[in-house]
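Asker: Take a look at this one; I'll ask things after.
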Amino acid sequence: MINISPAIEIAGTVAFAVSGSYSAMLKRLDVFGVLIMGFVTAIGGGTIRDVMIGDTPVAWMRDYRLLLIILGTVIATILFKKYIKTLKTTLFLFDALGLGLFTIIGTQKGIAAGLNPGVCVALGTITGCFGGVIRDILLNDIPLIFRKEIYATACIVGGTLYVLLVDHMDPQLVKIIAVVMVCAIRIVAVRYKLSLPKFYA
Amino acid sequence: MINISPAIEIAGTVAFAVSGSYSAMLKRLDVFGVLIMGFVTAIGGGTIRDVMIGDTPVAWMRDYRLLLIILGTVIATILFKKYIKTLKTTLFLFDALGLGLFTIIGTQKGIAAGLNPGVCVALGTITGCFGGVIRDILLNDIPLIFRKEIYATACIVGGTLYVLLVDHMDPQLVKIIAVVMVCAIRIVAVRYKLSLPKFYA
Amino acid sequence: MINISPAIEIAGTVAFAVSGSYSAMLKRLDVFGVLIMGFVTAIGGGTIRDVMIGDTPVAWMRDYRLLLIILGTVIATILFKKYIKTLKTTLFLFDALGLGLFTIIGTQKGIAAGLNPGVCVALGTITGCFGGVIRDILLNDIPLIFRKEIYATACIVGGTLYVLLVDHMDPQLVKIIAVVMVCAIRIVAVRYKLSLPKFYA
């Protein structure tokens, strides 16, 4: 079986970098702000993950090609900003794929570190979601993750599936199933505008 | 002497989880947002502490029962939200106890790592206070710690007391004295609405 | 050649502590809030740097004199707040010097850790800028770094210069050149109100 991970990981990094830099342009940040926002959105989740499990230097420091990919993505986002809107669906699918893969990478890293399965799922969810959380904190918003369609829930479901199946099936297959599950939940949630119930105190 | 720490640590975790999830409901976050906010408020201070001293994987990753306690607390907070208001005094006492114990745990960890006493007090204060700081940042407020009755000051006093006495008295007794001191300062400050002076630039 | 680093590092720490505590007074925080803000602004960048490369306990925990310097600086800022405004130019020069030296210290640490040159420059930029980013997040603003005159760009240029020259010239001399470059860019940018172009999405 061909390992499809690297290609999707790059696609996910690109999608998150576009998301961060595009949000920065909406807030009228200068060109450096746009670059930083693309960068932290793409690497924030993985950085928090590595710092918490003690796997340092963190991932982006060990593979400088990630920096180049993010730099190229941000430049492209600035140049082609007019087309970004028309690509909304493509972008959303990239983001869903990236979310799925980042979640599973985080979950795998937890298993490799010998952590409890529930902790692994939490770690995967943090890896998938916290780039966007940092983006929203830096832009002074309440993180979107708390206010929009099902997002982190998709990560929790995908990560749980991975943890449950990985000892009983081919790992590559389990990975694909889990990533597809995260994507499917996101697509259905956004398509039908599903959101979790709210409770008012 | 019976070691009362585990029971109080759980009480403190519960109090902080209630505080985070209740604040999230006041801001009308969805059910997942409420869960995350309970979680980060309860484990945020200890996570920053462990990351800064390099004790990784951080504490909540090594004891999955903490996750279960927080999960149960958040569910209970959602179910019994109407009663939370009437429990305000109980909650406040839990929070004060948790603050005291978390401060002393952080200070102890610093001593065990061979750090300078002043650094240990800073570490204890961070452990006690920064869960709430992260809660307020995520909810897009200026952290309450900066605007309300004496809070971090109680941690600094309790931690300093612990550092000064621990070599000269029974460690368990010193722990109790320091925790009681933190609680007492908090109770007196809130009861008499004491706050620190402000300076306007 | 005399090593001028320690003196400038202290000057930079002082300048950042003044900047943080003065911003806190403008937001009417209480005396403890002013202290914390001085503290995190001065040590924030270095803490994030050390946590990401795994050099723990982080720097301020290993040299308690930094805490004393910051404490003294915050007290002086409170006492002499009336004079701070008249010292604006002095403060700005201190800040520029601190920015330059912190950037180069971060870049050097990256090289010592065997990281890729581009990653070292990113690490230096984070060391120089992120104390201020944390200050602005805690005070609930969009970080100034994203909205004002060329700031992080100066760090990127200075760090790049250091990385390019350090193998070909006397390291002490390269350090001075790089620090002067960061300062010069800042001074020119502020003097002529230069800012980077903005892109609106």
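Asker: May I ask you to report, in nm to one decimal and beginning with the shortest, the distances from B:ALA7 to the same position in the other copies, taking label points 7 Å along Cα-to-Cβ?
Answerer: From this label point to the equivalent ones elsewhere in the assembly: 6.1, 6.1 nm.
Asker: Work out the length of the dipole vector of the protein assembly as shown about its Cα centre, built from +1 on the beta-carbon of each Lys and Arg and -1 on the beta-carbon of each Asp and Glu, and round it to the nearest 20 debye.
Answerer: 2240
Asker: Right, another one. Who wins for biggest fluctuation among B:MET37, B:MET52, B:MET181 in a Gaussian network model of chain B, springs between alpha carbons below 10 Å?
Answerer: Taking springs between Cα atoms under 10 Å, the residue moving most is B:MET52.
Asker: Enumerate the amide H contacts of C:ASP30 below 5 Å, restricted to partners 5 or more residues apart or on another chain; note that Pro and chain-start residues carry no placed amide H.
Answerer: Those qualifying (amide H under 5 Å, at least 5 residues apart or on another chain) number zero.
Asker: Something else: Distance from a point 7 Å along Cα→Cβ of A:ILE187 to each backbone N in the stretch A:83-117: keep the residues under 15 Å and list them by number.
Answerer: Counting backbone N atoms under 15 Å from the label point, the list is A:89-101.
Asker: Mind putting a number on the dipole of chain A about its Cα centre? Charges go on the C-beta only, +1 for Lys and Arg and -1 for Asp and Glu, and I need it in Debye to the nearest 20.
Answerer: With Lys and Arg at +1 and Asp and Glu at -1, about 760 debye.
Asker: Which three lengths, in whole Å and largest first, does the stretch A:5-191 cover when its Cα atoms are put on their principal axes?
Answerer: Principal extents (Cα only, largest first): 49, 39, 30 Å.
Asker: If each of A:LEU79 and A:ASN140 carries a label point 7 Å out from its Cα toward its Cβ, how far apart are those two points in nm?
Answerer: 3.2
Asker: Compute the distribution of all C-alpha to C-alpha distances in the stretch C:84-201, in bins of 10 Å from 0, and list the percent of pairs in each, rounded to whole numbers.
Answerer: 14, 42, 32, 11, 1
Asker: Here is the link list: A:LYS193/B:LYS85; A:LYS81/A:LYS193; A:LYS175/B:LYS27; A:LYS109/B:LYS109; B:LYS85/B:LYS193. Which ones come out longer than 29 Å on Cα distance?
Answerer: Long pairs (Cα-Cα over 29 Å): A:LYS193/B:LYS85; A:LYS175/B:LYS27.
Asker: With an 8 Å Cα cut-off and a minimum separation of 6 or more residues, compute the relative contact order for the stretch B:5-191 in percent.
Answerer: Relative contact order here is 24 percent.
Asker: Leaving out ligands, DNA and RNA, calculate the buried accessible area for the pair A and C with a 1.4 Å probe, summed over both sides, in Å² to the nearest 100.
Answerer: For A against C, buried area totals roughly 2600 Å².
Asker: Only Cα pairs within less than 10 Å get springs; with that Gaussian network setup on chain B, which residue of B:ASP63, B:ASP136, B:ASP55 has the largest fluctuation?
Answerer: Comparing B:ASP63, B:ASP136, B:ASP55 in the GNM, the peak value goes to B:ASP63.
Asker: Next question, about the same structure. In Å², what does the accessible area per residue of chain B work out to with a 1.4 Å probe?
Answerer: Each residue of chain B exposes 43 Å² on average to a 1.4 Å probe.
Asker: If you roll a 1.4 Å probe over the stretch C:76-201 with all protein chains in place, what percent of the accessible area is carbon or sulfur?
Answerer: After summing per-atom areas, the C and S share lands at 68 percent.
The values are calculated or read from the model by the stated rules, or taken from the named source; none is laboratory data. These figures come from a predicted structure and were not determined experimentally. So basically every Cβ, Gly included, is an ideal-geometry build from the backbone, and we count neighbours across all protein chains shown. We work out accessible area using only protein heavy atoms, side chains counted, and drop any ligands, DNA or RNA first. Shrake-Rupley method; radii C 1.70, N 1.55, O 1.52, S 1.80 Å.
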